[in-house]
Amino acid sequence: MQKIKELFNDDLVEKEVDTRGWIYRWRESGKIIFIVLRDSTGIIQVTVSRDNVSEEDFNSAKSAGIESSVIVSGIVKKDERAPGGFEILAKKFKVIGLSQNFPITKDKSDEFLLDMRHLWLRSREMTAVLKIRSTIFDMLHDFFRKEGYYEVQAPMFVSSAVEGGSTLFEVPYFGRKAYLTQSSQFYLETFIFSLENVYTVAPSFRAEKSRTRRHLTEFWHLEAEAAWIGNDDMMKLEERMIMHVIEGILEKNREELILLKRDISKLESLSLPFNRMEYADVIKIGKDVGLDLEYGADLGADEEYAITQKFDKPTFVIHFPKEIKPFYHRPDPENPSVVLNHDLLAPEGYGEIIGGGERIYDLNELLQRIKEENLNPEDYSWYIDLRRYGTVPHSGFGLGIDRLVWWIAALDHIKYAVPYPRNVRRLVP
RNA sequence: GCCGCCGUAGCUUAGCUGGUGGAGCGCUCGGCUGUUAACCGAGUGGUCGUCGGUUCGAAUCCGACCGGCGGCGCCA
């Protein structure tokens, strides 16, 4: 039994092979049936001629519809008329699982395909995205293992927010209220006191009614936290991580990028270091391109778009005013009105994929910031505790893995980067 | 939360200055021994999102409701 991709081989021409898969295209022309067979590796044309198979097998091929699963034996032929230049002249054709009329035909709306996602996953486009996605997860784990980070697991059920409170999904929990985690950051900070360098890959949940091409209510979050590391070193780690992923994709997924019509040269031309821009400078540039932006305002979609169109590689925006960032970011000792943080914006208009920075490690400074933000210290008691027992300088970040997939595959909407996207309306399939 | 837009056959849609709803794909049957999202012929399929209003007459005009899409904000 051979995989379809292996059949595109001159050494196999005129040899008999066995292969199996699903019917991707089906055409009949009198006494000859053309079937394009699909498996996880690719597609190949199978020609079923009445002269070369038994009547029973010919009738099987005649009755088998799109997406029926079949096993075929036949001779490999080189033929210009076949898509890809090779085909199998069938000698035996057995249907394993007959397919009823497949609901997905040539005209398809986004919404219909989302309703049919459990079947649309079989499409060549989704298969390509899923292969890219698999490589990205693989390369992220590979990177952190090589860097000496430990993989840890934080709880998904939590009792309170990391930041703010409006974005949490509430779930009943044996008579109490629990929430689905929106970030594992605070838990990761607890691990660094023993493991020092840690990361986790897990879903995060945000109950925002976002209606944009870059938001999901459930997304895969890579978060890392490291003791004794400052903001600059954390950015260096992140840019190496992104490059490691890109290199893996260029090595393993060229075929998929081509199928998705991704401009590969834009990935090939990436190099270190990535750009770095002060928040204050972003505001200036924004004014140059006609954006009405005051210092102290958070960067919106228009600003991100302007910045990421301007550069052909990812850009770190650093040193935001402390007022627009969560309380745990460490103010810059040189200029306490800004924090030692960074957002990483992907190029080509994709925007923010990472948010991170240095955390406040001094107990009193942390208590002061909690007070300034009118938060209740009791809600953060165990987090504050970490500053009481041998605190250390440390930094961390969170990466939206689905957004990374979205950018690398150059997809229009994040829902194409995820097999079963979740948003405010969609829960099925 | 805010601002736009859309619901017509299984799917994609035309019809929207009111006068008995068309097409392509799919599906069924037939034809074709080299098709490439094949082609040719015949057939099949619609309470025009729901409810109410205007009118002699509503897919079309008005209102409410339901469902959905796009963008902003929020962020990864």
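The values are calculated or read from the model by the stated rules, or taken from the named source; none is laboratory data. Keep in mind it's a predicted model, so treat the numbers as computed, not measured. Cβ atoms come from the backbone with ideal geometry, glycine included; neighbour counts cover every protein chain shown. Note: areas computed on protein heavy atoms with side chains; ligands, DNA, RNA excluded. Shrake-Rupley method; radii C 1.70, N 1.55, O 1.52, S 1.80 Å.
Return yes when residue A:300 is on the phi > 0 side of the Ramachandran plot and open to solvent by 10 Å² or more (accessible area, probe 1.4 Å) and no when it is not.
In short, no.
Of all residues in the stretch A:326-365, how many are within 11 Å of RNA strand B (Cβ to nearest atom), in contact with a helix residue (DSSP H, G or I) (Cβ under 8 Å, 6 or more places away or on another chain) and part of a strand (DSSP E or B)?
Looking only at that region, the number is 12.
With the condition kept exactly as written, say whether any residue in the stretch A:32-52 is open to solvent by less than 20 Å² (accessible area, probe 1.4 Å), touching a residue at least 12 places away in the same chain (Cβ under 8 Å), in contact with a strand residue (DSSP E or B) (Cβ under 8 Å, 6 or more places away or on another chain) and among the acidic types (Asp, Glu).
yes
Being more than 12 Å from RNA strand B (Cβ to nearest atom) and either touching a residue at least 40 places away in the same chain (Cβ under 8 Å) or open to solvent by 30 Å² or more (accessible area, probe 1.4 Å) (or both) is the filter here, so list the residues in the stretch A:172-185 that pass it.
A:172, A:173, A:174, A:175, A:176, A:177, A:179, A:180
Criterion first (assigned by TED's automatic domain parsing to the domain that holds residue A:226 and open to solvent by 40 Å² or more (accessible area, probe 1.4 Å)) does residue A:332 satisfy it?
no
Here is a list: A:216, A:291. Which entry is at pLDDT below 95, touching a Lys or Arg at 6+ places or on another chain (Cβ under 6 Å) and open to solvent by less than 80 Å² (accessible area, probe 1.4 Å)?
Just one listed residue meets the conditions, A:216.
Please state which of the following conditions residue A:361 fails to meet, knowing it meets all the rest: (1) touching a Ser or Thr at 6+ places or on another chain (Cβ under 9 Å); (2) more than 30 Å from residue A:117 (Cα to Cα); (3) hydroxyl-bearing (Ser, Thr, Tyr); (4) surrounded by 20 or more Cβ atoms within 10 Å (Cβ to Cβ).
The single condition residue A:361 does not satisfy is (4).
Just name the residue that is farthest from residue A:189 (Cα to Cα) out of those in the stretch A:402-429 that are within 8 Å of RNA strand B (Cβ to nearest atom) and open to solvent by less than 30 Å² (accessible area, probe 1.4 Å).
Top of the filtered list is A:414.
Applying the selection to the stretch A:205-221, what residues are part of a loop (DSSP other than H, G, I, E, B), within 6 Å of RNA strand B (Cβ to nearest atom) and not basic (Lys, Arg)?
Within the stretch A:205-221, A:208, A:210, A:212, A:215, A:216 qualify.
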